[in-house]
1. Compute the acute angle (0 to 90°) between the alpha-carbon long axis of helix 193-202 and the principal axis of greatest extent of the alpha-carbon atoms of the chain; round to the nearest 10°.
2. Find the relative contact order for the chain and round it to a whole percent, using C-alpha pairs within less than 8 Å whose residues are 6+ positions apart.
3. Using 28 Å as the Cα-Cα cut-off, could you pick out the over-long pairs in 8/137; 5/188; 97/200; 3/142?
4. Over the range 57-140, how many percent of alpha carbon pairs lie in each 10 Å bin up to the one with the longest distance?
5. Among 213, 67, 86, which residue has its Cα positioned farthest towards the positive end of the charge dipole of the chain, with +1 placed on the Cβ of Lys and Arg, -1 on the Cβ of Asp and Glu, and the dipole taken about the Cα centre?
6. Provide, as a two-decimal number, the C-alpha radius of gyration of the range 1-85 over 2.2 N^0.38 Å, N being how many residues it has.
7. If you stretched the chain out fully between residue 57 and residue 291, how much longer would it get, using 0.36 nm times the residue separation minus the C-alpha to C-alpha distance?
8. Decide, for the range 232-291, between rounded, prolate and oblate: order the square roots of the alpha carbon gyration tensor eigenvalues as a ≥ b ≥ c, take rounded if a/c falls under 1.5, and otherwise choose prolate if a/b is larger than b/c, else oblate.
Amino acid sequence: MKKTKQLKQMIHSQHLEFIMEAHSGLSAAIAEEAGFKGIWASGLSISAALGVRDNNEASWTQVLDVLEFMSDATSIPILLDGDTGYGNFNNARRLVKKLEQRQIAGVCIEDKLFPKTNSFIHAKAQPLADVGEFCGKIKAMKDTQSDEDFVVVARVEAFITGWGLEEALRRAEAYRQAGADAVLIHSKRSDTVEIESFMKEWGGRLPVVIVPTKYYTTPTARFQELGISLVIWANHNLRASIEAMKKVSSQIFQEKSLIHVESGVATLEEVFRLQRAEELQAAEQKYLPST
Ligand code: SPV
Ligand code: MG
């Protein structure tokens, strides 16, 4: 099944579904191997892995290059965190065209202004996009996709920026009418008060996607009860790798030796396996002249 259709089916399925953050070909392959049916190409994680901030410091074509490696390394759908769409409707629709060429299954855009700032930094001070302008962007993206199953998720940042339920609902409804396939309702609270209030009033008008980074103590069964469609585990491969890399760098620096390190890191064989070295060996047998 096409990656676009897989993602669309996940969003519309009756079960709660989950996608896992990845930020490189390697982390994407690891997420797939763990059993995930989809991947979140996180803006925060991709920028952090590139050593820059989550403020559109990496250009959109640099993000596209990372995505190409992620897409090639996996067979499950990727939902790109497309930030604000990297400009106006014209930039956003060109993004869709380029994503489709790389078999990316969908993109999520958020109703903030370019260059964006991460939702958990100075969130209150962040201005929101004009609703009409953002709706035009969604329409332009939906009109541009050549695959009918390509997914556009509209992310509502009203709660994040200090607005209430009314503004969140007004925006979500406008984005639905503009043609979005799903809405992502984001919250920086450590409980689900905002998410629950939204779900109650929303009434299943479109599938809802959430990112429980801050309300991580909520039992996952609660999300199912609320009627959420898709949960994004948004940054945990990146954060796990930061801890692991800090530990091993400092240990090797201090000990000036690998003696106590070897057993705590992946074997070289595991690295080769994840790179599919065997496939190349078999291909060499087939395509190189035998000597
Ligand atoms: C990301 O993973 O980049 C996201 C989710 O957009 S959040 O960091 O919660 O804004
Ligand atoms: Mg992001």
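Since every read-out is calculated from the coordinates, none of them should be taken as a lab result. In this text, all values refer to a predicted model and were calculated from it rather than measured experimentally. Cβ atoms come from the backbone with ideal geometry, glycine included; neighbour counts cover every protein chain shown.
1. 60 degrees
2. Reported relative contact order: 19 percent.
3. 5/188; 97/200
4. The distribution over the range 57-140 is 16, 48, 30, 6, given as percents.
5. The listed residue farthest towards the positive side: 86.
6. 1.07
7. 79.2 nm
8. Oblate, since a/c reaches 1.5 and b/c is not below a/b.
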